Structures are given as structure tokens and as C-alpha cells.
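Just so it is clear, none of the values below were taken in a lab; they were calculated from the coordinates. Computed from a prediction, not measured in an experiment: that's the story for all the values here. Positions of Cβ are backbone-derived with ideal geometry, glycine not excepted, and every protein chain shown enters the neighbour counts.
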Amino acid sequence: MSPTTEPLSAALQVRQARADEQALIRRLVASARLDPTNLHWQNFLLAEVNGEVVGCVQIRPYPGLRELGSMVVRSSYRKRGVGGALMRTILRQSVPPIFLECPAYRVSFYERFGFRVVGVREIPWVLRVKWILGNTLVRWLTRVPIRAMRWDGPSVVD
């Protein structure tokens, strides 16, 4: 394997974010052009390799539900297990159901962890408005449809 695709299992650590990392989290999320709202360090897990933060993910709490969001892995660390480690860790700590929205080409990644695509009527109203607006805007800008997904429990987290 080349160094850019070598798994990072021994060097990779996933941990809770700290207050002094709020600006870093904002930069990571902005670099991926993801939703810049509701970025609170308390909701984030960070992936580190040799002390360098290489990825993040959060669970956004809403009244009565949770949304997985802000999943970012730096490009030079993709396809090396970082995203999987973040997902396994955050789902182990989470209570279902969890919703997310992602570009259609990312659906297979989330399906590996037990998420399933849901129709608009299965999306709670708090997230439905966000999904409709986001899907309309993203499709207009990129022509890539956005899919809503739901996780109902730990069947394939490990």
C-alpha cells in the first residue's frame, strides 16, 4: 500500500472535542462547505493522527431527535479508516433514532453503519424544512440530489 492509502489503526485516536478547539472545528466544517450552523464543540468528536486533528463529526441535538452532521475527513486521510472510526465511536455513544442528510453518492458509506434512506414523510418536521431547502439549493448548484437517512440502532456499529 502507498503511504496515502495505508490504514491508520494504530496511530488513529477518536476523542471528545475541547472548548479551545471551537475555531478548528469551524475551519474543518468550512473547508468541506458543510452547514456552518449549530457548531458547538461539546457535540463533536475529533479524529487525531499523531496529535494532528484530521477529521470531525457531531450529533446535533434537537428537541426529541438528533442529527448526525459535520462529518469531515481531511482529503489526505480519506479511505484510511478515519471516517469509519468516527462513525463507530459516535454511534456507540448515541441513542437512536439519528437522522442525517448527505449527497446521494455518500449513501453507501452510511449504509455500512445501518443508516437507511427515508422518504420526506419520515423526516421529522424540524429537519424536513432544512432538508427541503438544502436539497433544492444543492441540486440547483451541483445537480447532486440530497438523501435523508435514519439510523435505528446498533445492529452494525461494530
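Taking the longest Cα principal axis of the chain as reference, the axis of helix 22-31 is set at about 70 degrees. Once every Cα of the range 12-151 carries one equal point scatterer and solvent is ignored, give the base-10 log of I(q)/I(0) from the Debye formula at q = 0.11, 0.16 Å⁻¹, two decimals. Values returned for q = 0.11, 0.16 Å⁻¹ are -0.38, -0.84.
When peptides 87-96, 32-41 are ranked by their average number of other Cβ atoms within 10 Å per residue, the highest-first order is 87-96, 32-41. Name the residues whose placed amide hydrogens come within less than 5 Å of the amide hydrogen of Val118, ignoring near sequence neighbours (fewer than 5 apart) on the same chain. Under 5 Å from the amide H of Val118: Ala148, Met149, Arg150. FRET efficiency for the pair Ser31 and Leu133, taken as 1/(1 + (r/R0)^6) with r the Cβ-Cβ distance and R0 = 22 Å, rounds to 0.50.
FRET efficiency for the pair Ser108 and Asn38, taken as 1/(1 + (r/R0)^6) with r the Cβ-Cβ distance and R0 = 30 Å, rounds to 0.70.
Across the chain, the relative contact order, built from alpha-carbon pairs under 8 Å that are at least six residues apart, equals 21 percent. Compared with the dominant principal axis of the Cα atoms in the chain, helix 82-92 is inclined by about 60°.
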